[in-house]
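What follows is a single structure, written as C-alpha cells, with notes after it.
Read the figures in this text as sums done on the coordinates, not as results from a lab. Note that the coordinates shown come from a computational prediction; the quantities given were computed from them, not determined experimentally. For neighbour counting, all protein chains shown are included, and Cβ atoms are generated from backbone atoms with ideal geometry for every residue, glycine included.
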Amino acid sequence: MSEDSECFRGSTPGQGNDLSPSSVFRLRDLDHLEAIYAGKETGYFYARDGHPNAAMLAAHLAELEGGEAALVAPSGMGAIASLLLHLLRPGDRLVADAQLYGKTSTLVDRHLRELRIEVALVDLSDDAAAKEAIRPGTKMVWIESLSNPMLRWSPIDHLAELATKAGATLAVDNTFTPPPILRPIDLGAHVVMHSLTKIISGHSDVTLGCLVGKKSLIDEVKGTASTFGYHAPAFDCWLTERSLPTLDIRVRAACDNAHKLAQFLREQPGIKRVIYPGLNDHPEHAWGQRFAPLAGHMLVFELAGRDEVNRLFQRLKHVPFCPSLGDVTTTVSHPVSTSHRTRPPEERQQLGITDGLVRVSVGVEPIKQITSDFQQALAK
Ligand SMILES: Cc1ncc(COP(=O)(O)O)c(C=O)c1O
C-alpha cells in the first residue's frame, strides 16, 4: 500500500457504537423475522447469528481490507476453522504454505487430514513448487502474507493468479501486515483473515478473528459458523471498534520502531542474525519494497540457544515475555515454546525455528526506551 493511502477512521464517539450485550432481540412480528432473513430489513434476532456490535465492526473491517463483506469470529483460529470447514469436503485438495502459525499448521496437517481432505504443505515462495502444487482441481490455497515467525513474504499477486487459474480460493492470513501495510484483496486474494486479537485491537484485551471477502461467500460462512456455535462477544467487538481509529497511526509508528530496532539489534553482542523485511538482506526485500514498504512491526533474531533466550527474558525490565503480538507496547516471545510448540521438532528445524530464536512484536514506545532495555539485557 502507498504511504499516502487514505486514513481509515472507524466509528466516531457518540455515533452509534453503543455496547449491545443482548443475546436475543425482540421482533415486531413474524413478517419482521422473515424480512431480516431475506435481507430486506437490517435487524437481529439471536446474537450468535448476528448483533449490532459485530455488524458494525464487520462493515468497518470490510472497508479496511477493501472487500465486499466481513464476518467476525470468536478468535483468529475460529475464523480459520469456519472458512476451512465450510469450503472443504472429503477428497478436496488444499494447498497450504509450509510456513504458517503453528496452530494453523496443526489444523490443516492433522485435523483436516483426519477428515480425509488432501493437504499439500508446500514452500509457496518457490515458483516451480507453487506452479506444480496449485493445479486444476485444487479447492483452496492458504497462506500468510508474512509468515509467523520467520517473516517470509508470500508472493500474493503471483499465487492469486495461479489460484484463480486453477479455480481455487486463495485465502490470506494478514494478521502480521494489516492496512496500512498491505491489502491482499488489492493483489487478487479472494479472502482475507485476521486474528483481531493482535495489532488491529492492539491493546491485549480482545480475542477475536475475522474473514473478509465476497458477500455471497461471507454470508454462507456466517451460517456455518453460527451452526458450529461460533459467537463473537459484543464487548470484544466494541473494544476492537474503539481501536480502529488509531490503527493507522499505531501501525506506522510500530513499523518505524521495528526498522530502527532491527538495525540496532544487528550491532549487539551475542546476536547471530536478525530477520526483518525492511532490511536489505531479507530474501524477499524487493517484493516487500514494491508491495509493502512499511515492512511490518514484527522481527526475529537468533541467540545461541534456549539458555541465552531465557536469560534475556529474565533480564528485560520493560519488555515482557508475552506469547502474543500486536500490543502498543513491545513484547517478546519464543516460538519453539509457544506458537510452534505443537509442531514436530524436525519441521521447526527445517524452517529455521531454532531454540535460540526470539520473536519481537514492536510497539509504539519511544525507540530509545526499547533499545536501551535490549542493550542492558544483552550486555555480557
Ligand atoms: C498469524 C496468526 N494467525 C492466526 C492466529 C490465531 O489467532 P487467535 O489467537 O486470535 O486465535 C495467530 C495467533 O497467534 C497468528 O499469529
Within a 10 angstrom radius of the beta carbon, how do H297, H51 rank from fewest other beta carbons to most? H51, H297
Would you mind working out the magnitude of the charge dipole of the chain relative to its Cα centre, with +1 at each Lys and Arg C-beta and -1 at each Asp and Glu C-beta, to the nearest 20 Debye? 820
Beta bridges by DSSP in the chain, antiparallel share as percent, to the nearest 5: 55
Based only on other Cβ atoms within 10 Å, what is the fewest-to-most ordering of H340, H60? H60, H340
Where a ≥ b ≥ c are root eigenvalues of the Cα gyration tensor, a/c under 1.5 meaning rounded, otherwise prolate if a/b exceeds b/c and oblate otherwise, the stretch 30-245 counts as prolate
Among rounded, prolate and oblate, which fits the stretch 143-280 when a ≥ b ≥ c are the square roots of the eigenvalues of its C-alpha gyration tensor, a/c under 1.5 means rounded, and a/b larger than b/c means prolate? oblate
With bins 10 Å wide starting at 0, give me the P(r) of the stretch 122-224 over every alpha carbon pair, in whole percents. 15, 45, 32, 8, 0
Residue-count net charge about I199 - beta-carbon cut-off 12 Å; Lys, Arg +1, Asp, Glu -1: +1
Going fewest to most other Cβ atoms within 10 Å around each Cβ, C255, C237, C322 line up as C322, C255, C237
Percent of all Cα-Cα pairs per 20 Å bin for the chain, counting from 0 up to the last occupied bin, reads 29, 57, 14, 1
Computed label-point distance, nm, for sites A38 and H111 using a 7 Å Cα→Cβ extension: 3.8
Output the pairs from K131/K215; K165/K215; K317/K368; K165/K222 with a Cα-Cα distance over 24 Å in this structure; if there are none, say none. K131/K215; K165/K222
